[in-house]
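Worksheet: the structure to be examined is printed underneath.
The values are calculated or read from the model by the stated rules, or taken from the named source; none is laboratory data. Just so you know, these numbers come straight off a predicted model, no measurement behind them. Counting neighbours? That spans all protein chains shown, and the Cβs are built from the backbone with ideal geometry, glycine included. Calculation scope for accessible area: heavy atoms of the full protein, side chains included, ligands and nucleic acids excluded. Shrake-Rupley method; radii C 1.70, N 1.55, O 1.52, S 1.80 Å.
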Amino acid sequence: MDSLQAPPRGILFDVGDVLLFWPSNPPTIIPLRELKKVRYTPTWYRYERGEITQDVCYELCAEQFSLSASEIAQSFVQARQDTYVNHDMISFIKELKKDPAIQVCATSNVGKEEFEEVGNIMDCLAGNQVIFIDDKEENVCAAQALSIRGLVHGESTIHSLREIFDSPINKGWRYLFRNGKHCDSVTNTGVAFTDNFARLMIMDLLKDSTMYDLSWGSKKTWNFFAGETSIVPGNVLPDDLDTTSLALIVLRLPTEKVMSVLDVIAEYVNDDGAFQTYFDRGRARTDPIVSANILTCFYSFNRGHEFKRTLELIRLFLVDRSYLQGTRYYPSPDCCLGLIGRLLRSSHDSNLHLALEPLLKMRMRERLGLEGNALDLAMRIITCAQLGIACEGDRHALLSMQCEDGSWEAGWVYQCGSTGVKIGNRSVTVATAIAALSTQDAVT
């Protein structure tokens, strides 16, 4: 994937010559150049921060510059009468503020120290989540030096900001900012529940381990469900290797811990190379895509070569097109192929690529232009992009499915093996679509 940088979640506008414009030569008692000196003093900054009153500010500045406090006051009144507002920008800001995912602040005379405190100014946002707008290039460069995005104000500022915030990709991100923390999965029977797998999958897709407050903690292994397991018979499900493998990749544990967990997982591989799904030898369930996901984890930590039979099992899965019927836990052919593509992305191992890449290319070309839901198309696009296969038609189809709120309808990500109940997650589909549209299409 080419770029998965999230759009800014906050805009910091400089007031002077961006939101408000002073006349070049206002008819004031005190010349404008002298008033500007007053406005760029520590005393004036204390006034702007609310530390002193306006009267005290004028008295102190009058003393500093040998001026009359009353004339300073009158001159500012005269200057403000000729000040005009950037109404187009104000209207645009009002539009932005309708979206709770975007914070908007205005400031004046921001310096290095204030930029360093941008997280306090904008509700704990990191610097790279904020874009600073100023008419002075040196101020924008100062912001950029601290990883804050910057834009020098000009005639195209509003157009540039619309491109930043209103692109299909960024509308998807904004949907996640608004709703992603509440990313319940839903069954085709209408039951909603919270699961660890969906949140881990989103973090993996977007390469962002901060999306959700998940940590390994004292866990030895992970469970698919984050709470009640009412959709499965008996309401009990053991921890599983699929979710545990995904958590190992996403949560970035110390190497020693990773290797110890991988050693435990390795005990659950069958003689034919298939991994069992659960940490429960009484539930001998297998699934080729679960095995592919586990193998992805082993390759991610340079241990994939230990499981040659598993690799051969996945190769045969591609050879006989078994994915067309889905698997026990993964019903979508495109998702099956997409997760095998993820396996290839996990390592540059030559044996891995020699075994799977030529076959996967053939199978992906067979999928081009076929109907599918947004999740199917997004998975298809990601895999085609990594293999250098053009899929412009599928990109257009995915874009046409985007909803007004920036999301895409949920597709069926997985299903219960015992009941066949299908499970979808809107936020997973949105994250997959963002990742897909962030890739570059191959040139035909």
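Things worth noting here:
- Residues being at pLDDT 95 or above and among the small types (Gly, Ala, Ser) - total across segment 186-218: 1
- Single match in Asp240, Asp287 (criterion: in contact with a strand residue (DSSP E or B) (Cβ under 6 Å, 6 or more places away or on another chain), among the charged types (D, E, K, R), crowded, with 19+ Cβ neighbours inside 10 Å and modelled with pLDDT of 95 or more): Asp240
- Residue in segment 331-348 that is outside any loop (DSSP other than H, G, I, E, B), of a type in the set (Asp, Glu) and surrounded by 23 or more Cβ atoms within 10 Å (Cβ to Cβ) present: yes
- Glu267 meets all of the listed conditions (1) farther than 23 Å from Cys416 by Cβ; (2) surrounded by 13 or more Cβ atoms within 10 Å (Cβ to Cβ); (3) of a type in the set (Asp, Glu); (4) out of contact with any Leu (no Cβ under 8 Å at 6 or more places or on another chain) but one, namely (2).
- Scanning segment 78-113 for residues that are in a helix (DSSP H, G or I), out of contact with any strand residue (DSSP E or B) (no Cβ under 6 Å at 6 or more places or on another chain), modelled with pLDDT of 65 or more and open to solvent by 50 Å² or more (accessible area, probe 1.4 Å) gives Arg80, Gln81, His87, Asp88, Ile90, Ser91, Lys94, Glu95.
- The residues of segment 181-200 that are surrounded by fewer than 21 Cβ atoms within 10 Å (Cβ to Cβ) and part of a loop (DSSP other than H, G, I, E, B), listed by number, are Lys181, His182, Asp184, Asn188, Thr189, Gly190, Val191, Thr194.
- Per-region count, segment 130-158, residues of a type in the set (A, V, I, L, M) and in contact with a strand residue (DSSP E or B) (Cβ under 8 Å, 6 or more places away or on another chain): 8
- Residues satisfying the stated conditions in segment 144-161, i.e. surrounded by 13 or more Cβ atoms within 10 Å (Cβ to Cβ) and among the charged types (D, E, K, R): Arg149
- Scanning segment 62-77 for residues that are in a helix (DSSP H, G or I) and more than 48 Å from the chain's Cα centre (by Cα) gives Ala62, Glu63, Gln64, Phe65, Ala69, Ser70, Glu71, Ile72, Ala73, Gln74, Ser75.
- For first residues located in segment 342-371 and touching a residue at least 24 places away in the same chain (Cβ under 8 Å), partners that are among the β-branched types (Val, Ile, Thr) and loosely packed, with under 13 Cβ neighbours inside 10 Å and lie 6+ apart or on another chain with Cβ distances below 9 Å form the pairs Leu359/Val319.
- Residue match in segment 366-381 (condition: small (Gly, Ala, Ser), closer than 26 Å to Val186 by Cα and in contact with an Asp or Glu (Cβ under 7 Å, 6 or more places away or on another chain)): yes
- Residue check, Pro26 at pLDDT below 90, surrounded by 14 or more Cβ atoms within 10 Å (Cβ to Cβ), out of contact with any Ser or Thr (no Cβ under 9 Å at 6 or more places or on another chain) and outside any helix (DSSP H, G or I): no
- In segment 36-76, the residues that are open to solvent by less than 20 Å² (accessible area, probe 1.4 Å), within 19 Å of Thr107 (Cα to Cα) and of a type in the set (A, V, I, L, M): Val38
- Test: Val250 is closer than 18 Å to Asn293 by Cβ, open to solvent by less than 50 Å² (accessible area, probe 1.4 Å), in contact (Cβ under 8 Å) with a residue 24 or more places away in the chain and in contact with an Asp or Glu (Cβ under 8 Å, 6 or more places away or on another chain): yes
- Of the residues in segment 148-169, not one is modelled with pLDDT under 85 and under 26 Å from His396 (Cβ atoms).
- Subset tally (residues that are of a type in the set (A, V, I, L, M), open to solvent by 50 Å² or more (accessible area, probe 1.4 Å) and either under 19 Å from Asn270 (Cβ atoms) or touching a His at 6+ places or on another chain (Cβ under 9 Å) (or both)) for segment 301-330: 1
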